[in-house]
Structure formats: structure tokens, C-alpha cells
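So the structure is just underneath, and the comments pick up after that.
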Amino acid sequence: MKVGFIGLGNMGSGMARNLLKAGHDLTVYNRSAEKAQPLLKEGARAAANPAEACGADGVFTMVADDDAVESVTFGESGILASLRPGSVHISCSTISVALAQKLTTAHEKHNQRFISAPVFGRPQAAEAAKLFVVVAGPGDVVERCMPLFDAIGQRTFRFGEQPSVANLIKLSGNFLIASVLESLSEAMALVGKAGIDQHEYLDFLTSTLFAAPVYKTYGGLIADKKFQPAGFAVPLGLKDVRLTLAAGEQLRVPLPLASLIRDRFLALLARGGDSLDWSAISQIAAEDSGQSSTSGRAA
């Protein structure tokens, strides 16, 4: 297929590379043009603006937040003004439910197609084409895009015709990951202050009750205090929890744990943790217990 890809950050670069490896005709755009250079050497074409990335079949967006998606979609030389009728905008970014609904309506008015396809996985999974794709949108459009999802992920989960449903599922999933980070951080602080080796404790947890990859991956980062380079930075974690709270407010669903986690991320940012991985939330629990937590911290 002939597609464009907008957003070549930690996740997008790996996703775009796997589309190339699968034989798709790819044009890439990134606000910082130098990030496109490795992909150009592998066969991609460069776009000077989002409009030039709007290929015949469709365009991916994998950018940081609602503002970035709105900019490349509604801005000058944006997707909405450039995508051909019948072509599809595939939004892989973690965005609000409200923006997904807005994008759905806007593309319909322009006779374009829109689907939400956020992904689960860290940058290593993106590079290895091991992401989990959650997709929602018109069935015929999703079916048309399945070869693209097969190129970037190990499995695709379909959730009906309304694109914003996929965004709600993505937000709920990231909230659950953040909840694991908070509970694991508190448990690690508890055993750490008792003098128990955190690596041995983690081996016990992940060999028995909690063998899921999220505990192994993030538990290892917490025990090693390895928070840089960030696979998923603290400001993005805060953004996702805020979007989850907004969805809860819209649906009148209280989310008290999400409110606590929002404050934990704010506390970490107040300490200068902007560049750290969101697993550095563990440093707040360590500090609350009176333990030193300087390793892995931002200067």
C-alpha cells in the first residue's frame, strides 16, 4: 500500500521502519526533519509538510498529544485539506475520546475515512513489530488496513465501528499500567526499607503471582533505578492519566486511583523529572518512606 507516516519519535520510527520492511510504499514526515534520515536511507521518501505525507491509500499519525494531532490534521497543509476522498487517516496516538469524536466527524464531512488504532508496547516492541494494536472504525476500512497492522504488531484487536472506542480502551489500559507502577512502587519501597533485596523480591513476584510482562519490565526498571533514556516519559504519563480522568468525568465514572496517580506524576515533575521514564514514579514512594532515591534522577 502507498501510505504516509507522520511522527517519528520513540514509537513512530520503529513502526514506520516495519511498514517499509513489509514492502509498503512509505512517505514520512516529522517536525524535526533529521529524525527521518535513517528511514530515507532505507527507502522511504521525505515529506516537507503533513500534506505531502497524505499518500494515495492513507496516512498514519503517531504524535505526542491532542495538540499535535490537531496541528497536523487541521493546520495549514494539514491532513484534512490534503487527504484524498476515500483515503484513510489512521490515528495511532494516545488522544482524548473527545478529539477522536471530532476527527471522525471532520473526516466524514470531507468524504475521508478515519479509524483509531492506538498501540500497546514500548519502543523495543515497536522496533520488533511486537505491538498490540487496538482498532475501531468502519469494518471495511479496518479490513483494508489489516496488512498495515500486521506489519507493525503481533496481534490486532477490533472493537467495532466507532473509532473513539479504541481511544477509550487505550486510555483505560495506560491507566492500569500506571496503577501497576504505583502499587509496585509502594511494595518495593516497603521491602526495600526492610532491607530485602529488591531484585530477589521481584524475581519472586514475577515467578509466582505476577508473571505478566508489565511487572517484569517495570519492576526491573524500578529495582535498577534505570529511568533514562525514557521509553515513555513522565509528561506523557501525566497526559494519559488526565485524559482518563476526563473520560471518566464525561461518563460520570469516579476514578479515585487515577486522581492519586495524577498527583504522583505532578510531584515527580515538580522534582525535575520531565526527562525520566514514567516508572520513576517509584522515586516518590521511596522518598515518602525516607529512603534515598537519587539514582536515575534528573539533575
For this session: Kindly write out, for region 175-180 in residue order, the coupling ³J(HN,Hα) from the Karplus curve 6.51 cos²θ - 1.76 cosθ + 1.60 (θ = phi - 60°), rounded to whole Hz, with x marking Gly and Pro.
Result: 4, 5, 4, 4, 5, 4
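So how strong a dipole does the chain carry about its Cα centre when Lys and Arg Cβ are +1 and Asp and Glu Cβ are -1, to the nearest 20 debye? Display every interim value, and only then the final one.
On the way: 28 positive and 29 negative charges, 74 e Å.
Result for the chain is approximately 360 debye, rounded to the nearest 20.
At 0.36 nm per residue, minus the direct Cα-Cα distance, what do Arg144 and Ile196 gain on full extension? Give it in nm, one decimal, please.
On the way: separation 52, 0.36 × 52 = 18.72 nm, distance 5.30 nm.
Here the answer is 13.4 nm.
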Seminar exercise, completed: Under 5 Å from the placed amide H of Gly55, counting only residues 5+ away or on other chains, we find Gly4
For this session: Determine the calculated [θ] at 222 nm for the chain from helices alone, applying -39500 (n - 2.57) to every DSSP H run no shorter than 4 residues and normalising by the residue count; nearest 500 deg cm²/dmol.
Result: -16000 deg cm²/dmol
For this session: Compare the Cα positions of Leu148, Leu269, Ala98 along the charge dipole of the chain (+1 at Cβ of Lys, Arg; -1 at Cβ of Asp, Glu; about the Cα centre) and return the one farthest towards the positive end.
Result: Leu148
Exercise. Over region 2-161, what relative contact order in percent results from Cα pairs under 8 Å that are six or more residues apart?
Worked result: 21
Seminar exercise, completed: Residues whose built amide H sits under 5 Å from the amide H of Gly160, excluding neighbours closer than 5 in sequence, are Gly137
For this session: Using the charge dipole of the chain (Lys, Arg: +1 at Cβ; Asp, Glu: -1 at Cβ; taken about the Cα centre), state which of Ile281, Ala223, Ala212 has its Cα farthest towards the positive end.
Result: Ala212
Problem set entry | Table column - 3J(HN,Hα) (Hz), region 54-70, Karplus curve with 6.51, -1.76, 1.60, x for Gly and Pro | 7, x, 4, 8, x, 9, 8, 10, 9, 10, 6, 7, 4, 4, 5, 5, 4
For this session: Please state, to two decimals, what the Cα-based radius of gyration of region 204-299 comes to when divided by 2.2 N^0.38 Å (N = residues).
Result: 1.15
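Could you give the dipole magnitude of region 2-161 about its Cα centre, charging the beta-carbon of Lys and Arg +1 and that of Asp and Glu -1, in debye to the nearest 20? Mind showing how you got there, number by number?
Working: 16 positive and 16 negative charges, 75 e Å.
For region 2-161, the charge dipole is close to 360 debye.
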Seminar exercise, completed: So the angle from the long Cα axis of helix 97-109 to the longest Cα principal axis of the chain, reported in degrees to the nearest 10, equals 0
Seminar exercise, completed: Under 5 Å from the placed amide H of Arg45, counting only residues 5+ away or on other chains, we find Leu26, Thr27, Val28
Problem set entry | Reachable lysines from Lys2, criterion Cα separation under 17 angstrom, eight or more residues apart if same chain | Lys21
Problem set entry | ³J(HN,Hα), Karplus 6.51/-1.76/1.60, whole Hz, each residue of region 16-25, x for Gly, Pro | 5, 4, 6, 5, 5, 4, 7, x, 7, 7
For this session: Of all alpha-carbon pairs in region 93-240, indicate the percentage at a distance above 24 angstrom.
Result: 43
For this session: Give, in whole angstrom and from largest to smallest, the semi-axes √(5λ) of the equivalent ellipsoid of region 2-161, with λ running over the eigenvalues of the Cα gyration tensor.
Result: 21, 18, 14
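Assuming a strict under-18 Å limit between Cα atoms, what lysine pair count do you get for region 168-288 once near-sequence pairs (fewer than 8 apart, same chain) are dropped?
Numbers: Lys170/Lys239; Lys193/Lys225; Lys216/Lys225; Lys216/Lys226.
Lysine pairs meeting both conditions in region 168-288 amount to 4.
Coordinate-derived values only; no laboratory data. Note that the structure is predicted; figures quoted are calculated from it, not measured. Ideal geometry is used to build each Cβ from the backbone, glycine not excepted, and the neighbour counts take in all protein chains shown.
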